[in-house]
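No value in this document is a laboratory result; all are computed from the given coordinates. Keep in mind that what you see is a predicted model, and the values were worked out from it rather than measured. Note that we place each Cβ from the backbone using ideal geometry, even for glycine, and neighbour counts take in every protein chain shown.
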Amino acid sequence: MILEKLTSKQRKDYYEKVARIGCILCQKLGYETTDCGCELHHVRTGNIPRKNAPVIPLCAYHHRLGNSSVHQLGHKGFEKYWGFSEMDLLERLNDLLQEKS
Ligand SMILES: [Zn+2]
Ligand SMILES: [Zn+2]
């Protein structure tokens with residue numbers, strides 16, 4: 001998804017659609033997910049400004065609260081801890097979005 005090219009309305013719809021997927025990490029781990037309280041995490045790659053960075057849905061725990069969350073571990077730490085990266089989760093998200101559309 002190229003966020004840069006979206007109008008603000010399209011962007012809002014896209015973010016809502018992403019949030020409805022529920023925590024992508026919980027799903028990968030095989031946990032039950034709820035679609036409420038999901039937060040969007042910006043996956044920073046290269047020089048893309050934060051506002052146009054791709055997003056992945058994460059529960060508050062996996063986003064920033066838990067010891068194993070992306071913000072506690074940081075980019076590299078996250079990959080080391082889980083054995084997959086934020087980019088892998090982004091890819092999975094894109095698969096899920098495609099299945100639903
Ligand atoms: Zn989670
Ligand atoms: Zn974040």
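Summary table below
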quantity	calculated
Simple label model, 7 Å out from Cα along Cβ direction - D95 to Y14, nm	2.1 nm
Mean separation of Cα contacts under 8 Å, 6 or more apart, over the residue count of the stretch 1-63: relative contact order %	36 percent
Helix axis angle, 8-21 relative to the chain longest principal axis, alpha carbon, degrees	40 degrees
Projected label distance in nm at Q72 and T45, using a 7 Å step from Cα toward the beta-carbon	2.7 nm
Cα gyration tensor shape of the chain, rounded if a/c is under 1.5, else prolate or oblate by comparing a/b with b/c	oblate
About the Cα centre, charge dipole magnitude for the chain (Lys/Arg +1, Asp/Glu -1 at Cβ), debye	380 debye
Shape call, the stretch 24-80: gyration tensor on alpha carbons, a/c limit 1.5	oblate
Helical contribution to [θ] at 222 nm, DSSP H n ≥ 4, -39,500 (n - 2.57), averaged over the chain, rounded to 500	-14500 deg cm²/dmol
